[in-house]
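A.B. asks: I have a structure I would like to understand better, so I am pasting it below and will then ask my questions one at a time.
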Amino acid sequence: WKTKYSKLIFRKSDTIPDELHQIVQESFLTLRKHDCFFQDLVRIKGKDFLTPVSRILIGNPGCTYKYLNTRLFTVPWPTEGYDIKYCSPQIHDACKALIRLNEYLHIEAVKALQGQNFLEAKGIKDTTVIDREQNFATSLMEKESVSKDPSSCSVPEDEYISLENRTSYNVTLLNYMDPLQMLCLKQEPYFGMGNMAVSWHHDENLVERSTVAVYSYSCEGPAMEESNEEKLKGRDPAVWHVGLKVAWDIETPGLAIPLHQGDCYLMLDDLNMTHQHCVLAGFPPRFSSTHRVADCARGTLEYIFGRCELALQNLQTDSDSVALSLKSLETAVVKQVEEIHNEVEFEWLRQFWFQGKRYLKCTDWWLKPMAKLEEFWRKMEIMTRLVLSEVRKEEQIEEQRKETISCIMQILIERQKLRKEWTER
């Protein structure tokens, strides 16, 4: 742990406020009771698989998170300035509890990164990793160092902003799994760690060098806790664990850390890139809340609406009639519009409706923006027809016609192929 996995930070449950445990664990059970956890149909190497783990994404309104060719849309947590109607007051309270957890883990991550930077600056080698008995970051750095005022920090302002950006979680992906309901779980292949709930992987679609924070809640009963006291060689198969390994390396021993009710861990800095992690199943059902800084450069409503507006700038409505025409037939303009057309259809509309109406179990928040996107898409369909109509006109110069056709042909072939693929899915 000290030499190969020092960027994995552990927080034992008794270091976390009791009140936070209570509201977060209640929120998990509420969402489960309302059937808000869903298996995702993901695509790996051209084949579709149902995930053994059921999930729900909660986070900033209009945010999405994409993994294994599947885009998840946030159930928005209560956010000032947004009118979010939840299906029940209990779901509202559950989402609110997860914001509280999100804020707590953000502060913990900043403290842990500052602690690490402090040690690196002092040149301290081979420091004991934060273990189950010790909340190292709190004792090392005064709590006020995470004040919003950068001048109170022991780090330069630009470094403080970097710490904020890499720990300001915009989504949490909640997971639920009952191993006893799974007929067949894969065995961990390299170190004999036993049953895996989630295979070895890197988390996708994250801001570079951002921290991932995980809160774990396994529904252990009294019998479970007794069995944990037995001295077993290797890992106790009844207890859930997080596993870590160095990426593309099975010579370095892997690490498996037991996770009990309310334990947390943080994957700091570049750990998610340099290492892979897996989740090893225990016996009881388990929830987890995995807080991430999703890379939303191309994954927010604001972004895709901006793209649509850019495309529709080329559509002209004659003031004296209802006829529509294109302002420009320049190949670069036409190509950009058709690329945005594909992006709206395959990265947003089909991804949303592919998952069915499952989000309606929590809120109808996404229906209005999706209707607006569909309206934009319909106009882009008209724009494609207008381009093809122009190309067919006899007065078109042959060279210009060829240039327009060659420019959009690949995009139209791709559209045809993807429509067929999505229909099959």
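The values are calculated or read from the model by the stated rules, or taken from the named source; none is laboratory data. Here the structure is a predicted model, which is why all the values come from computation and not from measurement. Here the Cβ is made from the backbone with ideal geometry for all residues, glycine too, and neighbour counts use every protein chain on show. Surface areas here come from the heavy atoms of the whole protein model, side chains and all, with no ligands, DNA or RNA. Shrake-Rupley method; radii C 1.70, N 1.55, O 1.52, S 1.80 Å.
A.B. asks: List the number of the failed condition for residue 341; all other conditions in (1) of a type outside the set (A, V, I, L, M, F, W, C); (2) open to solvent by 50 Å² or more (accessible area, probe 1.4 Å); (3) under 30 Å from residue 61 (Cα atoms) hold.
C.D. replies: Just one mismatch for residue 341, condition (2).
A.B. asks: If residue 83 satisfies every condition in (1) out of contact with any helix residue (DSSP H, G or I) (no Cβ under 9 Å at 6 or more places or on another chain); (2) more than 16 Å from residue 364 (Cα to Cα) but one, which is the exception?
C.D. replies: (2)
A.B. asks: Okay, moving on. Condition check: under 25 Å from residue 204 (Cβ atoms) and either in contact (Cβ under 8 Å) with a residue 12 or more places away in the chain or surrounded by 16 or more Cβ atoms within 10 Å (Cβ to Cβ) (or both). Does residue 28 satisfy that?
C.D. replies: yes
A.B. asks: Quick one: is residue 353 outside any helix (DSSP H, G or I) and in the same structural domain as residue 313 (by the TED database)? So that I can check it myself, show each step before the final result.
C.D. replies: Working: outside any helix (DSSP H, G or I): no; in the same structural domain as residue 313 (by the TED database): yes.
It is false that residue 353 is outside any helix (DSSP H, G or I) and in the same structural domain as residue 313 (by the TED database).
A.B. asks: Scan region 32-48 residue by residue and report those that are modelled with pLDDT under 90 and farther than 17 Å from residue 356 by Cα.
C.D. replies: Passing the criteria: 44, 45, 46, 47.
A.B. asks: What pairs come up if the first residue lies in region 403-414 and is in the same structural domain as residue 345 (by the TED database) and assigned to a helix (DSSP H, G or I), the second is of a type in the set (Ser, Thr, Tyr) and open to solvent by 20 Å² or more (accessible area, probe 1.4 Å), and their beta carbons are under 8 Å apart, counting only those six or more places apart or on different chains?
C.D. replies: 403/331; 404/331; 407/331
A.B. asks: When residue 22 is evaluated against the numbered criteria (1) of a type outside the set (Ser, Thr, Tyr); (2) farther than 15 Å from residue 105 by Cα; (3) assigned to a helix (DSSP H, G or I); (4) under 21 Å from the mean Cα position of the chain (by Cα), which criterion, by number, is the only one it fails?
C.D. replies: Looking at each condition in turn, residue 22 falls short on (4).
A.B. asks: Does region 371-379 include one or more residues that are over 28 Å from residue 87 (Cβ atoms), open to solvent by 80 Å² or more (accessible area, probe 1.4 Å) and either modelled with pLDDT under 95 or assigned by the TED database to the domain that holds residue 50 (or both)?
C.D. replies: No, region 371-379 contains no residue that is over 28 Å from residue 87 (Cβ atoms), open to solvent by 80 Å² or more (accessible area, probe 1.4 Å) and either modelled with pLDDT under 95 or assigned by the TED database to the domain that holds residue 50 (or both).
A.B. asks: Taking region 142-183, which residues are at pLDDT 90 or above and either under 22 Å from residue 296 (Cβ atoms) or in contact with a Gly (Cβ under 6 Å, 6 or more places away or on another chain) (or both)?
C.D. replies: We begin by selecting, within region 142-183, every residue at pLDDT 90 or above; these are 166-179.
Result: 166, 167, 168, 169, 170, 171, 172, 173, 174, 175.
A.B. asks: Could you check, for region 278-296, whether at least one of its residues is over 24 Å from the mean Cα position of the chain (by Cα), surrounded by fewer than 18 Cβ atoms within 10 Å (Cβ to Cβ) and more than 24 Å from residue 115 (Cα to Cα)?
C.D. replies: no
A.B. asks: Here's a follow-up. I'm told residue 367 meets every condition in (1) touching a strand residue (DSSP E or B) at 6+ places or on another chain (Cβ under 8 Å); (2) closer than 29 Å to residue 57 by Cβ except one. Can you identify the failing condition by its number?
C.D. replies: Unmet condition: (1).
A.B. asks: Look through 403, 390 and report the one residue that is open to solvent by 50 Å² or more (accessible area, probe 1.4 Å) and touching a Ser or Thr at 6+ places or on another chain (Cβ under 6 Å). Full working, then the answer.
C.D. replies: Working: 390 fails: touching a Ser or Thr at 6+ places or on another chain (Cβ under 6 Å).
It is 403.
A.B. asks: Name the strands (runs of 3 or more DSSP E) wholly inside region 247-287 in which the number of residues that are assigned by the TED database to the domain that holds residue 176, within 21 Å of residue 190 (Cα to Cα) and of a type in the set (A, V, I, L, M, F, W, C) is 2 or more.
C.D. replies: Details: elements: 255-258, 264-267, 275-280.
The qualifying strands (runs of 3 or more DSSP E) are 255-258, 275-280.
A.B. asks: If I ask for residues that are in a loop (DSSP other than H, G, I, E, B), under 21 Å from residue 216 (Cα atoms) and not charged (D, E, K, R), which ones from region 172-205 would you list?
C.D. replies: 182, 185, 193, 194, 202
A.B. asks: Filter region 353-370 for residues that are within 22 Å of residue 43 (Cβ to Cβ) and at pLDDT 95 or above; which is surrounded by the most Cβ atoms within 10 Å (Cβ to Cβ)?
C.D. replies: First, pick out the residues of region 353-370 that are within 22 Å of residue 43 (Cβ to Cβ): 353-359, 366, 370.
This time we only want the ones that are at pLDDT 95 or above, so: 366, 370.
On the way: 366: 21, 370: 17.
Once the filter is applied, the top-ranked residue is 366.
A.B. asks: Next question. Determine whether residue 237 is modelled with pLDDT of 95 or more, open to solvent by 10 Å² or more (accessible area, probe 1.4 Å), of a type outside the set (A, V, I, L, M) and in the same structural domain as residue 24 (by the TED database).
C.D. replies: Taking the combined requirement at face value, the residue does not satisfy it.
A.B. asks: Can you find even one residue in region 98-105 that is more than 12 Å from residue 172 (Cβ to Cβ), crowded, with 21+ Cβ neighbours inside 10 Å and not small (Gly, Ala, Ser)?
C.D. replies: Within region 98-105 (the criterion being more than 12 Å from residue 172 (Cβ to Cβ), crowded, with 21+ Cβ neighbours inside 10 Å and not small (Gly, Ala, Ser)), the answer is no, since none of the residues qualifies.
A.B. asks: Can you list residue pairs whose Cβ atoms sit under 8 Å apart, with the first residue in region 183-210 being assigned by the TED database to the domain that holds residue 63 and the second being in a loop (DSSP other than H, G, I, E, B) and among the polar types (S, T, N, Q)? Count only pairs 6 or more apart in sequence or on different chains.
C.D. replies: 210/167
A.B. asks: Hey, among 298, 307, which residue is within 28 Å of residue 59 (Cβ to Cβ), modelled with pLDDT of 90 or more, not in a helix (DSSP H, G or I) and not aromatic (Phe, Trp, Tyr)?
C.D. replies: Numbers: 307 fails: not in a helix (DSSP H, G or I).
None of the others qualify; the one that does is 298.
A.B. asks: Just checking, does region 315-338 include any residue being closer than 29 Å to residue 75 by Cα and either crowded, with 17+ Cβ neighbours inside 10 Å or not assigned by the TED database to the domain that holds residue 95 (or both)? Let's see the steps before the verdict.
C.D. replies: First pass over region 315-338, keeping only residues closer than 29 Å to residue 75 by Cα: none.
No - not one qualifying residue is present in region 315-338.
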